[in-house]
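Engineer: Got a structure for you, written out below as structure tokens; questions coming shortly.
The values are calculated or read from the model by the stated rules, or taken from the named source; none is laboratory data. Nothing here was measured: the structure is a model prediction, and the numbers come from that model. Here the Cβ positions follow ideal geometry from the backbone for every residue, glycine too, while neighbour counts run over all protein chains shown. What goes into the accessible areas is simple: the full protein's heavy atoms, side chains included, and nothing from ligands, DNA or RNA. Shrake-Rupley method; radii C 1.70, N 1.55, O 1.52, S 1.80 Å.
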Amino acid sequence: MTPPPLVVIAATLVVLLGLATMLTWVERRLLGLWQDRYGPNRVGPGGLFQAVADGIKILFKQDWIPPFADRPVFVLAPAIGMMTVLLAFGVIPVTALWSIAGDLNVGLLFVFATMGLGVYSVVLAGWASNSKYALLGGMRAAAQMISYEVFMGLSTLGVVMTTGSFSLRDIVQAQAGLWFVIPQCLGFVVFLMAGIAETHRLPFDLPEGENELGAGFHTEYSGMKFGMFFLSEYAGIVLVSALVTTLYLGGWQGPVLPPALWFAAKTGALVCLFILLRAALPRPRYDQLMALGWKILLPLSLLNIVATGAVLLLRAPG
Amino acid sequence: MFGILRTLWLTFLHMGHRRVTVGYPETRPALPPRYRGRIILSRDPDGLERCVACNLCAVACPVDCISLQKAEQDGRWYPEYFRINFSRCIFCGFCEEACPTYAIQLTPDFEMSEYVRPNLVYEKEDLLISGTGKYPDYSFYRVSGVEIPGKDKGEAEREQPPVDVRSLLP
Amino acid sequence: MATIHIDGRPFPARPGENLLQACLEAGADLPYFCWHPELGSVGACRQCAVRQYSGPDDRTGRIVMACMTPVTDGAILSIDDAEAREFRASVVEWLMTNHPHDCPVCAEGGECHLQDMTVMTGHAVRRYRFTKRTHRNQDLGPFVNHEMNRCIACYRCVRFYRDYAGGEDLAAFATHNDVYFGRHADGALENGFSGNLVEICPTGVFTDKPFSAVYSRKWDLRGAPSVCTHCAVGCNTIVNARQDTTRRVLNRYHDAVNRYFLCDRGRFGHGFIAAPSRLRAPLARIDGRPTPVPVQDALRRFQMMAQDGPVVGIGSTRASLESNFALRTLAGPARFSTGMAEPEHGLTRLVADLLRTTPARNPTLHEMESADAVLILGENVTVTAPRAGLALRQAVRQATFDIADAARIPRWMDAAVRTLGSEARSPLFIATPGPTDLDPIARATSRAAPDDIARLGFAIAHSLDPTAPEVADLPEDAARLAADIAATLRAAARPLIVAGTQYGTAALPQAAAAIATALAAHGVDAALSLVLPDCDSMGLALMDGLSLDAVRALARDGGIGTLVVMENDLSRRLDPAALDALLAAVPHLVVIDHTATPLSARADLILPSATFAECGGTLVSTEGRAQRFLQVLFPDLPLQAGWRWARDLAQAADPGKAPDWQDLDDIIAAIAAATPSLAPIGRAAPDAAYRLDGARLRSEPPRISGRTAVRANISVRDRPPPAAPDTPLAPTMEGAYGPATPGALVPYYQAPGWNSVQSLNRFQQEIGGPMRGGDAGVRLLDGDGTPRPRPAYATAIPAPFAPRAGEILLLPEPRLFGTEELSSLSPPVAARVEAAALRIADDSGTAPTIALRLDGQSVVLPVIRDPALPPGIALCPPHMALRAFTAPAWAIVQPDGGDAP
């Protein structure tokens, strides 16, 4: 029995947004844990409702649009960000049989396409704010995300070559014996770093760079529009974690437990890794970030393709 | 690269460490006497106001939240009003450092939240305590050369009796 | 220009000055105490030690006192030299051994020269562990506080008070470490310039007593450049304010006018701003009682009144040009009065005409100081223009300087110059009916009635120039004196004639002008200074209008519907009967004033105007210098400048024809366009659009305190700074400030390391010279510089004065304190006002009082008998006994007067 599409869409929105919201609490509690303090622990059991409280607060904040901003674009930017992330979730296979929007034979390309559109959100926000910090943040974001998109795509080519398909379900099924994290370890590392950069999470959060740019591209945002940037960032974390799970960690596959739980557990562990990175690592300089991308990650991903190709050719029958 | 992984690992290990923060208000922190909390005005050992309205705390205040007006009685200066706007105060303690008479002192009390901002504006009556605070023995007028009731010229510390100006003796 | 080398760097220096001045002009930080730019050097404090080298090959050099060493071309000195620094540090440490531990309770703290110099020399820790000497203080009256423990014995106070200002009741007592500066006993300082001790004293021995009652540190005071309103000299001042009240008045340096000093009336007369007599709301007469009404209601009432007949405006000599002009615009030029009754009205115009036409210099105050022969013709300058009196006192020293120059002693070598020239005085002749403070230093004084003084003046003119009319029947001694004075003036290089309008006689200024004209005919560089009574008398003379007598005639003919009086208390100008008649003939009386007066008590509508501290405006001094005062307080409506009230009234009466001035610059432009003689007043100060380094000037010091607490008891919300459309000074601490600030806009003096008023040195092009940012004010009477044609001599020589039996000629004799209207409302000045008394010639009577009848009024006055006074006249302080009395009048002496209480 397949539920009607509208119900699926609504349920997905609620679940994903709820997940992203709860993630804000999870992140703060984990950061507290790793920094020898408590984190939010007042609202509800263990501070669980902190996210709800924050949500209510942010909803009731003054919805301020600066008089100098480019109004339509200013409003559009956060919506684009949210939309692209949610779209990408559509093709992630949660189990062998079920993904939100079904299986797409070019699923991986679709994901990259929608994530690529996400750049617009950040650049337009920076541009429409009409303020120098926001613009600088937007410019950084554009350069960073476009650059890292290249290696992100290239790094997955190994997986695609091995599988021979762009369909995410095929990719997961191809990992039945061995997760791709082993043969594609180089691709895994490059993809993970590119994923962090793509979601502009610490340590690669230079577009926001609090200590030099105020809050970067969303300096001028407040209220729920800021909230949407916030949530799409967390949804982005989940998305990248889910992608890594799918591409390299065998997706839903695992013994004993039901497949959906395996998928959730792997994704959750990766989310925690994202948070651990934030707790532990300092931010590089902007030029270091770009140098890392073009001078190290790009050659590495190319090397990965060549090596994978060579191995495939050698193994190829005949 | 190894350094990054080590950092991650060490940070991860902090999961098992004891927390350095305490769960206020269930647990109350032990604050040292020189903690920089609520500001008070103290009195000298004779029970009189120590503040001489010199305005140095006001000018030292980086957020300009102290205001006062000098008044005078029998040679003693005192503040006609002394106002601290705690809704602006950052508890930096510069005022205490600037005070030449140990009048203004910061105390370990920090529980002074209010729902209405005007309630954070403290006047002299709210600030003045009846004791000497951290410096029990100091009295500015015992040291300074001005004349006040009960202390004539030449009676301060290390002072000679007033000069007879009509004498030309060496 | 000579060149001196300070620590290896060359600086230009004037050859005549001393090294201390040269170092300060070069911008170097060299501490000093006893030197003062106006008092010269005495080398008493040993603080300004530097090392001087005799040439480039000299490696040793020697320690010299910079203030006692003249500049020589190529001089090489070192301020930074280790030994010189140690020398200065030990001198300060030594001066500080007895300094009490009381900076927190010292009113000088924060603007203390001693603090600055101690910091500058690096002395931070007291090593002296023995006892300190102490002194008892004195009560020096309502102006100055005394705290002798703080004294460092620099001697500046007595050098100013005795040597410069001629005071006698402040002196140095005791010896060595115990030196004491004070009076022989408690009591008010008698000299009229005692307030300057506050600025002269480098530490807190003498502090401002009225200011102490409302004390704030210098860093908390907003300042604005202002002009003194208590006489016609136009001294430049700085008004300090905090929390919507004025706190004090300080001297503002103007190199041509008041320079470093103010008189006590100007310094302490500002108390009327906060006096209980201030008007703060529009009052309308409802049921016979003045009742506060809203502004709109007040204007509506005026609209009704204006329909009842022509509006006549009466201006005022104590209101700004702008207020007078706005009133003139409201009423129309033909129905605008200057607010002066005859003879003052005509005399004021005469003075303006004489200053414009006489072919003699119209000197600035600073030029008066360098006159080498002075004749004062019938004006007690020390009370009608006190600061000019102080300038004349310096003129007497010119002979000393000539001797010093001959002996090749620099003029700043004060002790030597004064010792050398102690017996030499430049000639000063004083011809007045009564005694003046300058008499002791005059070469000759002549006590005579005003008419006889005028005759003496005409006789001098005739003696100088036979074409001048001859004075008939001149007594022989007067003729001899006239010849003597004429010869002295003729021989002088820069003679100065001073006269005025005090005695209401046109003959006195005319005689003075005749002498100046006669001197100029001989090619002598003569100067003529004429003194007017009020701060804007000259402005009104240039603006023109009816006299009060003409207004009375107009009222008698029923030609007035509404009388609008601008900041003028007519009860001081018209005797009660005349005032009653005037007001009875006028249906409506509107008074615009900042202070309640007997006239405002009778008004149908009172509109509260702003005082000089609360609005900007222009005043024209007796020298013909238009000067701008700027506002330091920003009161809310209904308090607004007089010209804004007049504008609003005009709009209420006839919106179609009313002027549309929005800010001060608008109305100044309108004045310039309408009145050619006042056209340059826009140049008196930069307009509100002025920017220094691209920013408005700030009027508050950068470290002003308590901004978020000072109003927190009223509201914790932040308030935007007040709109200030009339002033180029931002009413906040944000904005530009520096030594290049124009002289007309200086809100306070402060320079890095120099927090006291001594930081003024940094603002001058050279010590004692013009301000770096340009001087304030613009002179209006100088013409276009072409030589003036020689005017015809006045021929109306008065007849000799003849005493009358049973009557006495009452002459107005103003006082420093008590006869000027506004300063008398200031509490410290009021405390110095002595009871009115009549000074008469010895009539061989003994009664302590005398009864007089004048214009139907009877008055009983205590009597001071002065045998030096000419018989038949009496000197009476105007406005104190007979409120409206301002001009000579014959009063009937009532025989039984002595018995009355």
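Engineer: What number of residues in the stretch C:591-634 are closer than 19 Å to C:Ile238 by Cβ and in a loop (DSSP other than H, G, I, E, B)?
Structural biologist: 13
Engineer: How many residues does the stretch C:202-211 contain that are without any contact (Cβ under 8 Å) to a residue 60 or more places away in the chain and open to solvent by 10 Å² or more (accessible area, probe 1.4 Å)? Let's see the steps before the verdict.
Structural biologist: We begin by selecting, within the stretch C:202-211, every residue without any contact (Cβ under 8 Å) to a residue 60 or more places away in the chain; these are C:205.
Imposing the further condition that a residue be open to solvent by 10 Å² or more (accessible area, probe 1.4 Å) reduces the set to none.
Residues flagged as without any contact (Cβ under 8 Å) to a residue 60 or more places away in the chain and open to solvent by 10 Å² or more (accessible area, probe 1.4 Å) within the stretch C:202-211 amount to 0.
Engineer: Something else: Give the stretch B:155-165 a look and list any residue that's charged (D, E, K, R) and either more than 7 Å from chain C (Cβ to nearest Cβ) or not in a loop (DSSP other than H, G, I, E, B) (or both), or say none.
Structural biologist: First pass over the stretch B:155-165, keeping only residues charged (D, E, K, R): B:155, B:157-159, B:164.
The answer is B:Glu155, B:Glu157, B:Glu159, B:Asp164.
Engineer: Just checking, does the stretch C:699-714 include any residue being of a type in the set (A, V, I, L, M), within 30 Å of B:Ala58 (Cα to Cα), in a loop (DSSP other than H, G, I, E, B) and open to solvent by 40 Å² or more (accessible area, probe 1.4 Å)? Walk me through how you get there before you give the answer.
Structural biologist: Looking only at the stretch C:699-714, we keep the residues that are of a type in the set (A, V, I, L, M), and these are C:704, C:709-710, C:712, C:714.
Narrowing further to those that are within 30 Å of B:Ala58 (Cα to Cα): C:704, C:709-710, C:712, C:714.
Those left that are additionally in a loop (DSSP other than H, G, I, E, B): C:704, C:709-710, C:712, C:714.
Within this subset, residues satisfying the condition of being open to solvent by 40 Å² or more (accessible area, probe 1.4 Å) are C:714.
Within the stretch C:699-714, one or more residues are of a type in the set (A, V, I, L, M), within 30 Å of B:Ala58 (Cα to Cα), in a loop (DSSP other than H, G, I, E, B) and open to solvent by 40 Å² or more (accessible area, probe 1.4 Å).
Engineer: Exactly one condition in (1) more than 19 Å from B:Glu147 (Cα to Cα); (2) touching a helix residue (DSSP H, G or I) at 6+ places or on another chain (Cβ under 6 Å); (3) away from chain B (no Cβ under 14 Å) is false for C:Gly110; which is it?
Structural biologist: Single failed check for C:Gly110: (3).
Engineer: Can I ask one more? Here is a list of conditions, (1) of a type in the set (Phe, Trp, Tyr); (2) open to solvent by less than 80 Å² (accessible area, probe 1.4 Å); (3) modelled with pLDDT under 85, and A:Trp98 meets all of them except one; can you say which number that is?
Structural biologist: A:Trp98 satisfies all of (1) of a type in the set (Phe, Trp, Tyr); (2) open to solvent by less than 80 Å² (accessible area, probe 1.4 Å); (3) modelled with pLDDT under 85 except (2).
Engineer: Do you know which of the residues in the stretch B:54-75 that are in contact with a Pro (Cβ under 8 Å, 6 or more places away or on another chain) and surrounded by 24 or more Cβ atoms within 10 Å (Cβ to Cβ) is nearest to the other protein chains (Cβ to nearest Cβ)?
Structural biologist: Start the filter on the stretch B:54-75 by keeping residues that are in contact with a Pro (Cβ under 8 Å, 6 or more places away or on another chain), which leaves B:54, B:56, B:68-71, B:74-75.
Keeping just the survivors that are surrounded by 24 or more Cβ atoms within 10 Å (Cβ to Cβ) gives B:54, B:56, B:68.
Values: B:Cys54: 4, B:Leu56: 7, B:Leu68: 7 Å.
By that ranking, first place goes to B:Cys54.
Engineer: To continue, here is another question. Tell me the residue from B:Arg18, B:Arg28 that is under 29 Å from A:Arg278 (Cα atoms), without any contact (Cβ under 8 Å) to a residue 24 or more places away in the chain and assigned to a loop (DSSP other than H, G, I, E, B), please.
Structural biologist: Numbers: B:Arg28 fails: under 29 Å from A:Arg278 (Cα atoms).
Step by step, each of B:Arg18, B:Arg28 is checked, and only B:Arg18 is under 29 Å from A:Arg278 (Cα atoms), without any contact (Cβ under 8 Å) to a residue 24 or more places away in the chain and assigned to a loop (DSSP other than H, G, I, E, B).
Engineer: Pull out all pairs, ordered by first then second residue, where Cβ-Cβ is under 9 Å, the residues are six or more apart or on different chains, the first lies in the stretch C:178-196 and is touching a residue at least 40 places away in the same chain (Cβ under 8 Å) and part of a loop (DSSP other than H, G, I, E, B), and the second is surrounded by fewer than 19 Cβ atoms within 10 Å (Cβ to Cβ) and of a type in the set (A, V, I, L, M, F, W, C).
Structural biologist: Cβ pairs passing all conditions: C:Arg183/C:Ala171; C:Ala188/C:Ala831; C:Ser194/C:Ala188.
Engineer: Now for a different question. Scan the stretch C:778-785 and tell me whether some residue there is under 27 Å from the mean Cα position of the chain (by Cα) and closer than 30 Å to C:Asp452 by Cβ.
Structural biologist: Quick first cut of the stretch C:778-785, residues under 27 Å from the mean Cα position of the chain (by Cα) only: C:778-783.
Next, only the ones that are closer than 30 Å to C:Asp452 by Cβ stay: C:781.
Yes; the residues of the stretch C:778-785 include at least one that is under 27 Å from the mean Cα position of the chain (by Cα) and closer than 30 Å to C:Asp452 by Cβ.
Engineer: Same structure, new question: Out of all the residues in the stretch B:114-128, which are facing chain C (nearest Cβ under 8 Å) and in contact (Cβ under 8 Å) with a residue 40 or more places away in the chain?
Structural biologist: Of everything in the stretch B:114-128, just one residue is facing chain C (nearest Cβ under 8 Å) and in contact (Cβ under 8 Å) with a residue 40 or more places away in the chain, namely B:Glu123.
Engineer: Give the residues of the stretch C:56-82 that are part of a loop (DSSP other than H, G, I, E, B), of a type outside the set (A, V, I, L, M), open to solvent by less than 40 Å² (accessible area, probe 1.4 Å) and on the phi < 0 side of the Ramachandran plot, sorted by residue number.
Structural biologist: Hits for the stretch C:56-82 are C:Asp58, C:Thr69, C:Asp81.
Engineer: Determine whether A:Ile296 is in contact (Cβ under 8 Å) with a residue 40 or more places away in the chain, β-branched (Val, Ile, Thr) and either within 14 Å of another protein chain (Cβ to nearest Cβ) or farther than 23 Å from A:Leu31 by Cβ (or both). Break it down into steps so the answer makes sense when it comes.
Structural biologist: Working: in contact (Cβ under 8 Å) with a residue 40 or more places away in the chain: no; β-branched (Val, Ile, Thr): yes; either within 14 Å of another protein chain (Cβ to nearest Cβ) or farther than 23 Å from A:Leu31 by Cβ (or both): yes.
No.
Engineer: If I filter the stretch B:129-147 down to residues being among the aliphatic types (A, V, I, L, M) and either facing chain C (nearest Cβ under 9 Å) or within 21 Å of C:Tyr180 (Cα to Cα) (or both), which single residue comes out as surrounded by the most Cβ atoms within 10 Å (Cβ to Cβ)? Reasoning before the result, please.
Structural biologist: From the stretch B:129-147, those among the aliphatic types (A, V, I, L, M) are B:129, B:143, B:146; that's our starting set.
Keeping just the survivors that are either facing chain C (nearest Cβ under 9 Å) or within 21 Å of C:Tyr180 (Cα to Cα) (or both) gives B:143, B:146.
Working: B:Val143: 16, B:Val146: 23.
So, considering only residues that are among the aliphatic types (A, V, I, L, M) and either facing chain C (nearest Cβ under 9 Å) or within 21 Å of C:Tyr180 (Cα to Cα) (or both), the one surrounded by the most Cβ atoms within 10 Å (Cβ to Cβ) is B:Val146.
Engineer: Still on this model: Name the residue that is least open to solvent (accessible area, probe 1.4 Å), counting only residues in the stretch C:155-183 that are charged (D, E, K, R) and more than 7 Å from chain B (Cβ to nearest Cβ). Quick ask: steps written out before the conclusion?
Structural biologist: Within the stretch C:155-183, the subset charged (D, E, K, R) is C:156, C:159, C:162-163, C:168-169, C:178, C:183.
Next, from what is left, pick out any that are more than 7 Å from chain B (Cβ to nearest Cβ): C:156, C:159, C:162-163, C:168-169, C:183.
Values: C:Arg156: 0, C:Arg159: 17, C:Arg162: 97, C:Asp163: 67, C:Glu168: 147, C:Asp169: 18, C:Arg183: 16 Å².
This residue is C:Arg156.
Engineer: Would you mind finding the one in C:Arg85, C:Arg126, C:Arg133 that is open to solvent by 20 Å² or more (accessible area, probe 1.4 Å), within 12 Å of chain B (Cβ to nearest Cβ) and in contact (Cβ under 8 Å) with a residue 24 or more places away in the chain? Outline the logic, then answer.
Structural biologist: Values: C:Arg85 fails: within 12 Å of chain B (Cβ to nearest Cβ); C:Arg133 fails: open to solvent by 20 Å² or more (accessible area, probe 1.4 Å).
Only one candidate passes the filter, namely C:Arg126.
Engineer: Please specify each residue of the stretch C:74-101 satisfying the condition of being under 39 Å from the mean Cα position of the chain (by Cα) and among the charged types (D, E, K, R).
Structural biologist: Residues satisfying the conditions are C:Arg88, C:Glu93.
Engineer: Has the stretch B:21-35 got any residue that is within 12 Å of another protein chain (Cβ to nearest Cβ), open to solvent by less than 60 Å² (accessible area, probe 1.4 Å), closer than 22 Å to C:Thr245 by Cβ and out of contact with any helix residue (DSSP H, G or I) (no Cβ under 7 Å at 6 or more places or on another chain)?
Structural biologist: no
Engineer: How many residues are under 11 Å from the mean Cα position of the chain (by Cα), within 11 Å of chain C (Cβ to nearest Cβ) and open to solvent by less than 20 Å² (accessible area, probe 1.4 Å) when one looks only at the stretch B:76-98? Break it down stepwise before answering.
Structural biologist: Looking only at the stretch B:76-98, we keep the residues that are under 11 Å from the mean Cα position of the chain (by Cα), and these are B:91-98.
After this cut, where a residue has to be within 11 Å of chain C (Cβ to nearest Cβ) as well, the list is B:95, B:98.
Then keep just the ones that are open to solvent by less than 20 Å² (accessible area, probe 1.4 Å); that gives B:95.
Summing the residues that are under 11 Å from the mean Cα position of the chain (by Cα), within 11 Å of chain C (Cβ to nearest Cβ) and open to solvent by less than 20 Å² (accessible area, probe 1.4 Å) in the stretch B:76-98 gives 1.
Engineer: If you don't mind, another one. Just checking, how many residues over the stretch C:136-154 are in contact with a strand residue (DSSP E or B) (Cβ under 7 Å, 6 or more places away or on another chain), more than 14 Å from chain B (Cβ to nearest Cβ) and in a loop (DSSP other than H, G, I, E, B)?
Structural biologist: 1
Engineer: So, one more: Evaluate the stretch A:152-164: report whether one residue or more is over 27 Å from A:Pro299 (Cα atoms) and surrounded by fewer than 20 Cβ atoms within 10 Å (Cβ to Cβ).
Structural biologist: We begin by selecting, within the stretch A:152-164, every residue over 27 Å from A:Pro299 (Cα atoms); these are none.
No, the stretch A:152-164 contains no residue that is over 27 Å from A:Pro299 (Cα atoms) and surrounded by fewer than 20 Cβ atoms within 10 Å (Cβ to Cβ).
Engineer: Can you pull out the residues in the stretch C:752-778 that are surrounded by fewer than 19 Cβ atoms within 10 Å (Cβ to Cβ) and not in a loop (DSSP other than H, G, I, E, B)?
Structural biologist: C:Arg762
Engineer: How many of the residues making up the stretch A:190-233 are more than 15 Å from A:Val122 (Cα to Cα) and in a helix (DSSP H, G or I)?
Structural biologist: Within the stretch A:190-233, residues that are more than 15 Å from A:Val122 (Cα to Cα) and in a helix (DSSP H, G or I) number 12.
Engineer: Give the residue, chosen from C:Asn236, C:Asn196, that is open to solvent by less than 10 Å² (accessible area, probe 1.4 Å) and over 27 Å from C:Thr134 (Cα atoms).
Structural biologist: Values: C:Asn196 fails: over 27 Å from C:Thr134 (Cα atoms).
Of the residues listed, the single one that is open to solvent by less than 10 Å² (accessible area, probe 1.4 Å) and over 27 Å from C:Thr134 (Cα atoms) is C:Asn236.
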